[in-house]
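Working notes for the structure below.
Where a number appears in this text, it was derived from the coordinates with a stated rule and is not lab data. Given the structure is predicted, the values throughout are model-derived calculations rather than measurements. Neighbour counts are summed over all protein chains in view; Cβ atoms, including those assigned to glycine, are modelled from backbone coordinates with ideal geometry.
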Amino acid sequence: MRTLFEERGEEIAAVILEPVCGNMGCVPPAEGYLEGLREITQRYGTVLIFDEVMTGFRLARGGAQERYGVVPDMTCLGKIIGGGLPVGAFGGKREIMEQVAPSGPIYQAGTLSGNPLAMTAGLATLRATSEPGFYERLEELGERWRRGMQEVAGEGDVPFTINQVGSMASIFFTGGAVTNFDSAARSDTKAFKDFFWHMLRCGIYLAPSQYEAGFISSAHSEEDFEKTFEAAREWFVKASAEAGRS
Ligand SMILES: Cc1ncc(COP(=O)(O)O)c(C=O)c1O
């Protein structure tokens, strides 16, 4: 990014990114990356946009920007703020939002904008997440998932890496650290496919791609975790035995 900005910084209007990636599996930002982006974009007058559609109200009440202490110029939200119903929202600094109608010239509207049903579901969800201790408990559940999966996956000899940030998590079928798209793309997607179908047969519905993050919900129980770990254990043991035979 530094090189790109040194070469073409004056031409770059905006930078948009997932502060913790979910769309290549869960990949946290390298240390200093978000802070560095903030500093460079500020220097060049480039609008920094965090796509917090996955991370907003998940990684903290204030999203990834609260968790990492880096404030962008604009934020996109979705998912949690609709309580499971379709919704999207964007917001940002006053000087930017004043460009949007009715105060500014940019008209933004949609048939379902402000849809009362989605707003009601979203408000109910936001109220639930405002309960004292909600995010602390969600953090614990995320940790619990990582520890449990680490333990059962470690019983086999199939290479794997687990990434987890709060209640966002992924298991990648690769032995090396997954820190960006290139390292995520080294995953054995055939192994993932086999794992996915095994888990589904056991009643555990994961996102059907190696490159989707998984979400732990406050509704998940200890029983759900145990069932998931047991199903995963079976697969790792079976896959290790098959690898040993071939
Ligand atoms: C990080 C991220 N941003 C944006 C979107 C798009 O949201 P929508 O499908 O509501 O347009 C998604 C969809 O999953 C997403 O994961």
Could you tell me what fraction of 2.2 N^0.38 Å the Cα radius of gyration of the chain comes to, as a two-decimal ratio? 1.14
Charge dipole of the range 134-245 about the Cα centre (unit charges at C-beta), most positive-ward option of 183, 171, 148: 183
Charge dipole (the range 134-245, unit charges on Cβ, about Cα centre) - positive-most of 135, 192, 225: 192
When only C-alpha pairs under 8 Å and at least 6 residues apart count, what is the relative contact order of the chain, in percent? 19
Could you please rank 76, 26, 202, placing first whichever residue has the fewest other Cβ atoms within 10 Å of its Cβ? 202, 76, 26
About the Cα centre, charge dipole magnitude for the chain (Lys/Arg +1, Asp/Glu -1 at Cβ), debye: 380
Pick out which of 150, 42, 108 has the largest mean-square fluctuation in a Gaussian network model of the chain, springs linking Cα atoms closer than 10 Å. 108
Which residues does the label zone of residue 4 cover in the range 21-43, counting backbone N under 19 Å from a point 7 Å along Cα→Cβ? 21-25, 27-43
Kindly put 200, 59, 48 in sequence by how many other C-beta atoms sit within 10 Å of each C-beta, fewest to most. 200, 48, 59
Taking only the alpha carbons of the range 2-129, what extent do you get along each of the three principal axes, in Å, biggest first? 47, 37, 23
DSSP loop (so not H, G, I, E, B), at most 16 other Cβ within 10 Å: list which GluC sites (Glu not before Pro) in the range 3-109 pass both filters. 31, 98
Taking 222-229, 162-169 and ranking on average Cβ neighbours within 10 Å, highest first, one gets 162-169, 222-229
Need the full-extension length gain, residue 193 to residue 35, defined as separation in residues times 0.36 nm minus the C-alpha distance. One decimal, nm. 53.3 nm
Taking the range 134-245 as the region of interest, what is the percent of Cα-Cα pairs per 10 angstrom bin, listed from the shortest bin to the one with the maximum distance? 14, 49, 32, 5, 0
How much length is gained on full extension from residue 111 to residue 43, taking 0.36 nm per residue of separation minus their Cα-Cα distance? 20.7 nm
Among beta bridges that DSSP assigns inside the chain, antiparallel share in %, nearest 5: 60
